[in-house]
1. So which of Val43, Val57, Val72 is touching a residue at least 24 places away in the same chain (Cβ under 8 Å) and open to solvent by less than 40 Å² (accessible area, probe 1.4 Å)?
2. Of all residues in the range 25-50 being among the basic types (Lys, Arg) and either at pLDDT 95 or above or assigned to a helix (DSSP H, G or I) (or both), which is farthest from Ala89 (Cα to Cα)?
3. Could you check the range 83-94 and list, in sequence order, the residues that are farther than 20 Å from Val152 by Cα, without any contact (Cβ under 8 Å) to a residue 60 or more places away in the chain and either touching a Ser or Thr at 6+ places or on another chain (Cβ under 7 Å) or assigned to a helix (DSSP H, G or I) (or both)?
4. Can you tell me how many residues in the range 105-143 are in contact with a Ser or Thr (Cβ under 9 Å, 6 or more places away or on another chain), at pLDDT below 80 and within 24 Å of Val57 (Cβ to Cβ)?
5. Given (1) of a type in the set (Ser, Thr, Tyr); (2) within 23 Å of Ala89 (Cβ to Cβ); (3) outside any helix (DSSP H, G or I), where does Thr20 come up short, assuming only one miss?
6. If you take the residues in the range 60-69 that are among the hydrophobic types (A, V, I, L, M, F, W, C) and open to solvent by 40 Å² or more (accessible area, probe 1.4 Å), which one is farthest from Ala89 (Cα to Cα)?
7. Here are Ile192, Ile199: which of them is within 21 Å of the chain's Cα centre (by Cα), crowded, with 17+ Cβ neighbours inside 10 Å and at pLDDT 90 or above?
8. Consider the range 95-151. How many of its residues are polar (S, T, N, Q) and not in a helix (DSSP H, G or I)?
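The values are calculated or read from the model by the stated rules, or taken from the named source; none is laboratory data. What you are looking at is a predicted structure, and each value in this text was computed from that prediction instead of being measured. All Cβ positions, even for glycine, are placed from backbone atoms using ideal geometry, and neighbour counts span all protein chains on display. Areas reflect the complete protein model, heavy atoms only, side chains present, ligands, DNA and RNA absent. Shrake-Rupley method; radii C 1.70, N 1.55, O 1.52, S 1.80 Å.
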Amino acid sequence: MSLQYVLEILPSLFQGAGMTLELFFLTLIGALPLGIIFSLGLVSKIKPLKWILELYVWLMRGTPLLLQLIFVFYGLPIVGIVFQRFDAALIAFILNYAAYFAEIFRGGLQSIDEGQYEGARVLGLSYWQTVRKIVIPQVVKIVIPSIGNEVVNLVKDSSLVYVIGLGDLLRAGNVATSRDVTLVPLLLVGVIYLLMVGICTYILHKVEQRYSYYK
């Protein structure tokens, strides 16, 4: 492994990492709010809404993300719904991770004692004020470790977009490996993934410390 060769391929790897990070952040921005909204529906007393969301979560969690990605990009055009590669990847990732986040937040919501809702009603708070000011802060503390696991998984799952031809980090490494017949690019890809996971883990640890006052 020569330093000159490493410096030659790093720009293409960093460009691929940029797309990976873009998909990562946009997925979180879309999936986290959806997960919270869906979790409220999962614990609601509106039966049809609850059944629809339960079916959605079952489908998203019961089928591979890779299959969902292929279905959105290659399957939907059969019925006339066509997305660009990045848009297809983003839609598949958001829908998939929103289902996981919904289940995580649902578990957090159901862990809150019913007495807290009753106490809030006695104080004259509306349902949404209760959720926003009393329930959500506690739920966030409860679900942070589980959310953290999914965030780390998202970093690694982003490599699946390789199958629809997006120029992510893994694809950049594979192209360089095939062209130069060396495993050095893949080793560097592994190092970059480890760095991204390490940074995410550090940030999540700080977030857990930030909410430790709810203990």
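1. On the way: Val43 fails: open to solvent by less than 40 Å² (accessible area, probe 1.4 Å); Val72 fails: touching a residue at least 24 places away in the same chain (Cβ under 8 Å).
Among Val43, Val57, Val72, only Val57 is touching a residue at least 24 places away in the same chain (Cβ under 8 Å) and open to solvent by less than 40 Å² (accessible area, probe 1.4 Å).
2. Filtering the range 25-50 down to residues among the basic types (Lys, Arg) leaves 45, 47, 50.
Pick out the ones that are also either at pLDDT 95 or above or assigned to a helix (DSSP H, G or I) (or both) and you get 47, 50.
Details: Lys47: 31, Lys50: 27 Å.
Top of the filtered list is Lys47.
3. If we filter the range 83-94 for residues that are farther than 20 Å from Val152 by Cα, which is where we start, we get 83-88.
Of the ones still in play, those that are also without any contact (Cβ under 8 Å) to a residue 60 or more places away in the chain are 83-84, 87.
Listed by number, the list holds a single entry, Asp87.
4. So the answer is 1.
5. (3)
6. To start, the set of residues in the range 60-69 that are among the hydrophobic types (A, V, I, L, M, F, W, C) comprises 60, 65-67, 69.
Those left that are additionally open to solvent by 40 Å² or more (accessible area, probe 1.4 Å): 66-67.
Details: Leu66: 10, Leu67: 11 Å.
For the range 60-69, the residue satisfying everything is Leu67.
7. Values: Ile199 fails: crowded, with 17+ Cβ neighbours inside 10 Å.
None of the other options fit; the residue is Ile192.
8. To start, the set of residues in the range 95-151 that are polar (S, T, N, Q) comprises 96, 110-111, 116, 126, 129-130, 138, 146, 149.
Subset that is not in a helix (DSSP H, G or I): 111, 126.
Looking only at that region, the number is 2.
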